[in-house]
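What follows is calculated from the coordinates using simple rules that are stated; it is not laboratory data. Being a predicted model, the structure only gives us computed values, none of them experimental.
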Amino acid sequence: MTAASQAHLLRADNRREGGATAAEVSTFRLYVLRALCLLIVVGLAFYIWPGLIHHPMSMRGSTSSLLAGVSVLAALGIRYPLRMLPLLLFELVWKSIWLIAVAFPLWVAHPLDADTMESVRACLMGVVLVPIAVPWPYVLANYVKKPGDRWG
């Protein structure tokens, strides 16, 4: 059996299970995902890594460490944009939660300070860009409709 016929059978199998294949995601969309991952890497390289490297010992380091980990995984997303989609979904979820649970109540209570406003802008950028970049049919097919892995 040739590699092409094996790939065709694999795609057919995947569709029967409710999954979409990487071949169904356009090259343009892959480049958009890569660009978004690069934006995350570069943004966090300038804002998180310097403070993490030269930081006072405090709990604030845990947030910086988490975001540094996101930047390392986003670097993998430049090479493997579809495999790293859960990272972009994580970005969308945590930023949405922060905007709703933290920034909005602060804004209602009183005007936001400059540092909080900067965080609001960064989070809003992610909440706007991630849904535009993500190939939602692929996400729905592979994370919602496709059967989960076996338990035992």
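Numerical summary
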item	result
In sequence order, calculated HN-Hα J values of the stretch 33-47 (Karplus, 6.51, -1.76, 1.60; Hz; x Gly/Pro)	4, 4, 5, 5, 4, 5, 4, 5, 4, 5, x, 6, 4, 7, 9
Global form of the stretch 28-145, assessed from the alpha-carbon gyration tensor, a/c cut-off 1.5	oblate
